Amino acid sequence: MSQSRGRFGIHGGQYIPETLMNAVIELEDAYNKYKDDPQFNAELTELLNNYAGRPSRLYYAEKMTKDLGGAKIYLKREDLNHTGAHKINNCLGQALLAKKMGKTRLIAETGAGQHGVATATVAALMGMECVVFMGKVDCERQALNVYKMKLLGADVVPVTTGTGTLKDAVSQAMREWTSRIEDTHYCLGSCMGPHPFPTIVRDFQAVISKESRAQILEKEGRLPDAVIACVGGGSNAIGSFYHYIGDRDVRLVGCEAAGRGIDTKDTAATINTGRLGIFHGMKSYFCQNEYGQIAPVYSISAGLDYPGIGPEHAYLHDIGRAEYVAITDEEAVGAFEYLSRMEGIIPAIESAHALAYAMKIAPTMSKDQIIIVTVSGRGDKDCAAIARYRGQDLRD
Amino acid sequence: MSRIHQAFENHKAFIAFITVGDPDLATTEKVVHAAVEGGADLIELGIPFSDPTAEGPVIMEADNRALAGGTTTDDVFALTKKLRETIDIPMVYMTYANVVFSYGTEKFMQKAADAGIDGLILPDVPYEEKEDFDPLATKYGLDLVSMIAPTSENRIAMIAKEAKGFVYMVSSLGVTGTRASITTDIGAMTKLVKANTDIPCAVGFGISTPEQAKKMAALSDGAIVGSAIIKLLAEYGRDAAGPVKEYVKSMADAAHSA
């Protein structure tokens with residue numbers, strides 16, 4: 001059987017309404033034109049370095065390493081980027097591309113609000129109109145980010161359909177795009193959706209592993225034994241893995257949100273509990289029932305609360321190049337508190353899923369082994385929700 | 001070839017969309033019969049999906065009502081079979097890729113054909129991805145209907161050349177739902193389709209009044225109406241058969257007169 005463009009093994013593709021086909025083709029053509037263009041890349045690098053604050057630090061977590069008593073732990077500090085997460089890497093790239101395409105308006109979906117804030121930020125910087133779709137439930141649990149987006153000049157549209165979370169925000173952003181294409185670029189926030197988004201987002205996030213590879217070689221003179229990152233759609237993970245994919249001795253571990261456990265219905269662990277399907281423009285793994293109805297997934301982390309996973313991760317899983325483990329709310333909250341006290345770094349609850357797995361495996365590894373954990377974002381946005389999880393009602 | 005062409009043989013066609021299981025299967029059965037009695041030439045049966053990304057709020061809510069009532073794909077096959085005992089006009093399914101793929105594409109096509117269905121509309125399967133579905137649909141005598149949109153432009157010839165059953169022309173940008181006016185040059189779209197295929201084409205998205213139905217049917221081979229019928233289901237629930245019959249008659253008469 002012939003396969004369409006944008007495939008990762010059997011995954012990926014372009015399962016979208018005909019109305020959007022010319023838009024994704026136009027995007028692919030523009031991306032192919034600019035991705036190796038020296039002028040475009042010079043502009044993007046300038047923005048990444050002098051606006052977003054790259055390169056991000058690779059920090060040796062000495063206290064954590066000693067406390068866990070095993071492998072050396074390095075943290076890739078994406079939380080130190082402007083807007084507090086890795087999302088800005090992709091937003092700067094896509095917005096610059098959209099501008100070159102003559103688009104004047106950005107739309108985006110957001111879960112935790114980090115991608116929405118990054119899109120609103122870049123729209124403000126580049127003088128573009130911005131509309132962000134955010135599930136109603138997420139608007140409530142991430143109220144601070146809603147305020148930030150509005151402060152930055154974006155319209156925030158609460159999405160009340162379905163479960164009122166990230167998947168519904170993606171659906172609504174896709175609906176909005178079909179109704180207004182001419183002046184609008186859909187700034188998709190993760191390495192998912194129809195081709196060419198999974199490739200574009202991966203390429204813009206690959207700066208994470210490009211830097212960390214050079215940084216670890218400089219500090220340790222060797223590559224790490226494991227690279228660990230959290231996975232919802234999977235953008236920080238694919239960025240963290242990309243430049244190590246060819247290094248077969250480097251373990252790549254994606255940490256999914258198990259929610260209340262993968263043996264419960266309250267989970268968002270796609271690889272661990274889902275099966276092959278077609279949704280949101282791509283063939284990949286999805287949490288779904290026996291009739292293909294998409295499952296109402298759950299995680300304490302709004303950013304990982306998504307029933308699918310990017311097609312390249314599905315492929316890396318299929319070929320056994322990356323492994324995908326499930327981390328519960330309880331384990332993630334434990335890691336959130338641990339890193340705060342141990343290193344004075346408050347991680348995003350999403351990133352805490354990756355830290356929790358590092359805490360599990362580091363003690364089983366030898367002292368001359370190395371782990372790099374991507375701290376994809378900062379945890380300020382999560383403080384109120386974690387306090388509530390611990391039974392404390394925080395008020396501003 | 002399926003029996004879809006029969007819908008377009010005597011006059012311009014009126015195509016009615018009904019979500020199966022909204023609000024329950026017994027009501028769907030009555031409403032489909034009402035639409036046929038009202039003069040519909042082809043019935044689109046919507047198999048509900050949890051996240052219908054091409055639908056506006058009206059059909060999204062119908063999907064929610066049907067799923068809340070427990071409607072499954074197997075229920076849809078069973079009801080289709082029952083309807084087919086007395087209904088002669090062509091019937092097609094309208095659903096999303098994952099409903100078919102997750103069921104097992106071949107098993108789905110086999111059961112759909114066995115139930116008496118003539119074709120399939122999958123709005124999230126564009127030309128580039130039809131290989132996943134089209135060969136298996138054809139194997140069981142079903143037509144995978146192709147859609148073209150106001151943004152299709154240079155793609156219309158390519159799509160029309162391989163189209164089967166009928167060409168579904170999307171009238172406007174955006175999702176399903178009634179619209180005050182349709183501004184796309186439908187006549188120009190029809191011309192491009194006709195230059196590349198002999199199969200009929202019908203216009204959907206945004207049509208709700210007899211005047212619109214007549215105008216769109218005049219510019220093509222038929223008019224497709226979904227949201228306006230579903231609104232009657234939302235309003236009248238289990239008592240919707242009467243109002244649907246009356247409404248379909250007004251729309252079908254208008255389309256047939258075009």
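Every number in this text was worked out from the coordinates using simple rules, so none of it is lab data. The model shown is predicted, which means the values in this text are computed figures rather than measured ones. Counting neighbours? That spans all protein chains shown, and the Cβs are built from the backbone with ideal geometry, glycine included.
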Given R₀ = 56 Å, FRET efficiency for residue B:198-residue A:150 by Cβ-Cβ distance, to 0.05? 0.55
Exercise: per-residue mean of other protein chain Cβ atoms within 10 Å, B:98-105: 5
Which residues' amide hydrogens lie under 5 Å from the amide hydrogen of residue B:222, considering only partners 5 or more residues apart or on another chain, with H built in the peptide plane? B:13, B:203
Return one number: the angle in degrees, 0 to 90 and rounded to the nearest 10, between the long axis of the Cα atoms of helix A:349-361 and the longest principal axis of the Cα atoms of chain A. 40
Using the alpha-carbon atoms, what tilt in degrees (0 to 90, nearest 10) does helix A:87-100 show relative to the longest principal axis of chain A? 20
Rounded to 10°, Cα long-axis angle of helix A:18-34 versus longest principal axis of chain A: 60
Need the full-extension length gain, residue B:106 to residue B:158, defined as separation in residues times 0.36 nm minus the C-alpha distance. One decimal, nm. 16.1 nm
Ordered by number, the GluC sites (Glu not before Pro) in segment A:157-237 that occupy a DSSP loop and have at most 16 other Cβ atoms within 10 Å are A:182
Value of Rg to Rh for segment B:115-225 (Rh from inverse mean 1/r over Cα pairs, i.e. Kirkwood): 0.96
Calculate, for residue A:22 and residue A:62, the FRET efficiency according to 1/(1 + (r/R0)^6) with r their C-beta to C-beta distance and R0 45 Å; round to the nearest 0.05. 0.25
Label-point separation in nm, residue B:185 to residue A:368, each point 7 Å along Cα→Cβ: 7.4
Find, among the trypsin sites (Lys or Arg not before Pro) in segment A:261-326, those assigned to loop by DSSP (not H, G, I, E, B) with at most 14 other beta-carbon atoms within 10 angstrom. A:265
Using the Cα centre as the reference, give the magnitude of the dipole from point charges on the C-beta atoms of the protein assembly as shown (Lys, Arg: +1; Asp, Glu: -1; all else neutral), rounded to the nearest 20 debye. 1040
What pairs from A:87/A:148; A:76/A:100; B:81/B:130; A:66/A:87; B:161/B:194; B:161/B:191 go past 20 Å between their alpha carbons? A:76/A:100; B:81/B:130; A:66/A:87
How large is ³J(HN,Hα) for each residue in segment A:272-279, as worked out from phi by the Karplus curve 6.51 cos²θ - 1.76 cosθ + 1.60 (θ = phi - 60°), to whole Hz, x for Gly and Pro? 6, 10, x, 9, 4, x, 10, 6
Quick shape check on chain B: root eigenvalues a ≥ b ≥ c of the Cα gyration tensor, a/c under 1.5 is rounded, otherwise prolate if a/b tops b/c, else oblate, and it reads rounded
Could you put B:95, B:80, B:178, A:264 in order, starting from the residue whose Cβ has the fewest other Cβ atoms within 10 Å? A:264, B:178, B:80, B:95
Other protein chain Cβ atoms within 10 Å, averaged over every residue that makes up B:168-180: 3
Here segment A:56-64 yields Karplus 3J(HN,Hα) values (6.51, -1.76, 1.60; θ = phi - 60°; whole Hz; Gly and Pro given as x) of 7, 5, 9, 9, 7, 8, 5, 5, 5
Please say if segment A:44-192 is rounded, prolate or oblate, where rounded means a/c under 1.5 for a ≥ b ≥ c the square roots of the C-alpha gyration tensor eigenvalues, and otherwise the choice is prolate for a/b larger than b/c and oblate otherwise? oblate
Taking the dipole of chain B about the Cα centre (Lys, Arg +1; Asp, Glu -1; charges at Cβ), the one of B:140, B:94, B:254 that reaches farthest to the positive side is B:254
For a quick check: with amide H placed at 1.01 Å from N, whose amide H comes under 5 Å from residue B:167's, ignoring anything fewer than 5 positions away on the same chain? B:201, B:202
Which of A:227, A:199, A:214, positive extreme of dipole for segment A:170-257 (C-beta unit charges): A:227
Between residue A:337 and residue B:26, what FRET efficiency follows from the Cβ-Cβ distance if R0 is 41 Å, with the result rounded to 0.05? 0.15
Fluctuation leader among B:92, B:31, B:58 - chain B, Gaussian network, Cα springs under 10 angstrom: B:58
In what order do A:147, A:315, A:15 fall by count of nearby beta-carbon atoms within 10 Å, going from fewest to most? A:147, A:315, A:15
Taking a ≥ b ≥ c as the square roots of the Cα gyration tensor eigenvalues, with a/c under 1.5 meaning rounded and otherwise prolate when a/b beats b/c, else oblate, which class fits chain A? rounded
When A:381, A:360, A:87 are ordered from fewest to most other Cβ atoms inside 10 Å of their Cβ, what list results? A:360, A:381, A:87
Compute the length gained on full extension between residue A:249 and residue A:388: take 0.36 nm times their separation in residues and subtract their Cα-Cα distance, giving the result in nm to one decimal. 45.9 nm
Of the options A:243, A:165, B:195, report the single residue whose Cα projects farthest towards the positive end of the charge dipole of the protein assembly as shown (beta-carbon charges: Lys, Arg +1; Asp, Glu -1). A:243
In nm, give the distance between the simple-model label positions of residue A:219 and residue B:140, each being 7 Å from the Cα along the Cα-to-Cβ direction. 5.6
So the compactness index of segment A:176-272, its C-alpha Rg divided by 2.2 N^0.38 Å, takes the value 1.32
For segment B:158-258, with only Lys/Arg (+1) and Asp/Glu (-1) charged at the beta-carbon, what is the dipole magnitude about the Cα centre, in debye rounded to 20? 100
How large is the charge dipole for segment B:4-256, taken about the Cα centre, if only the Cβ atoms of Lys, Arg (+1) and Asp, Glu (-1) carry charge, to the nearest 20 debye? 460
Using a 10 Å cut-off on Cβ to Cβ distances, tally the other chain neighbours for every residue of A:276-286 and report the average as a whole number. 4
